[in-house]
1. Excluding ARG217 itself, calculate the net charge of residues whose Cβ lies under 12 Å from the Cβ of ARG217, where each Lys or Arg counts +1 and each Asp or Glu counts -1.
2. Need one number: nm distance between label points at GLU74 and GLN138, each 7 Å from Cα along Cα→Cβ, rounded to one decimal.
3. Report the rotationally averaged projected area of region 1-121 based on its alpha-carbon convex hull, in square nanometres.
4. Please state the relative contact order of region 133-218 as a whole percent: Cα pairs under 8 Å, 6+ residues apart?
5. Within 11 Å, Cβ to Cβ, of SER102, how many net charges do the neighbouring residues add up to if Lys/Arg are +1 and Asp/Glu are -1?
6. Taking the Cβ-Cβ separation of LYS131 and ASN168 as r and a Förster radius of 35 Å, what is the calculated FRET efficiency to the nearest 0.05?
7. Pop a pseudo-label 7 angstrom from the Cα along the beta-carbon direction at both ALA40 and ALA86 and give the gap in nm to one decimal.
8. What translational D, rounded to a whole number of µm²/s, comes out for the chain from Stokes-Einstein when the hydrodynamic radius is the Kirkwood one over Cα pairs, at 10 °C and 1.306 mPa s?
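Where a number appears in this text, it was derived from the coordinates with a stated rule and is not lab data. Computed from a predicted structure; not experimentally measured. Every residue, glycine as well, gets a Cβ built from its backbone with ideal geometry; the counts of neighbours run over all protein chains shown.
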Amino acid sequence: MGLSCGNPTAIASLKPGEVVLDLGAGGGFDVFIAGRKVGAQGRAIGVDMTPEMLSKARGNVAQYRKVSGLNNVEFRLGEIEHLPVANGSVDVVISNCVINLSPDKPQVWREIARVLKPGGRVAVSDLALRKALPGEVQAMVEALVGCVAGAVLIEETEAMARGAGLSNIKLEPRKEYIEAMTDWQDPLYLKIIEHLPAGSRPADYITSLSVTALKPRS
């Protein structure tokens with residue numbers, strides 16, 4: 001749907017035989033990429049709270065099987081605050097511009113830690129704030145739809161991951177993603193610009209953020 005902020009599978013270093021979970025899988029794009037990476041002995045699971053998107057993703061499974069020769073993906077209905085996944089059953093959790101939409105982000109990070117196996121890892125792409133957004137932008141419905149209004153400061157993201165018990169947390173801001181969106185004259189970002197202080201740009205406030213972390217083995 002165009003509401004992505006990076007490809008988490010590119011930083012997940014997925015290996016054959018692993019079980020990978022995608023939060024907010026939508027139409028299944030990242031799940032199908034992950035399925036190819038983990039191979040026949042692995043599993044790729046997508047969770048989405050929207051029945052319409054889940055139906056779309058499941059409708060794509062047959063084509064994926066035909067093209068890849070793999071039968072290793074599935075899609076489950078559920079909220080990322082209450083994942084329909086067993087404790088300690090996942091090697092890797094990925095997510096692409098979804099956690100920002102949650103009204104309870106600390107709970108999402110706790111759920112991530114719960115479903116990961118000891119030694120499991122996180123590879124998330126999301127939007128974060130370099131500094132607080134002006135109130136007018138924060139209130140915009142368009143900004144919420146585009147994952148912007150729900151964004152929190154970079155240091156808050158780190159604190160939530162650490163509070164959930166994750167370690168080896170690494171954050172990589174990618175300001176250039178937002179610059180590119182502005183250069184493309186994206187309607188959302190043009191709307192945000194109208195509400196920023198004179199001379200400011202969205203990239204002064206917003207950044208794409210890659211987050212990797214581990215669940216300790218003990």
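1. Spelling it out: positives minus negatives among the neighbours equals +3.
2. 4.2 nm
3. Working: hull surface 27.4 nm².
Averaged projected hull area, Cα only: 6.8 nm².
4. Working: 89 pairs, mean separation 32.6, N = 86.
About 38 percent, as a whole number.
5. Details: positive: LYS105; negative: GLU79, GLU81, ASP104, GLU111, ASP126.
It works out to a net charge of -4.
6. On the way: r = 26 Å, r/R0 = 0.75.
Here the calculated transfer efficiency is 0.85.
7. The modelled label-to-label distance comes out at 2.4 nm.
8. Details: Rh = 17.6 Å.
In µm²/s, the coefficient rounds to 90.
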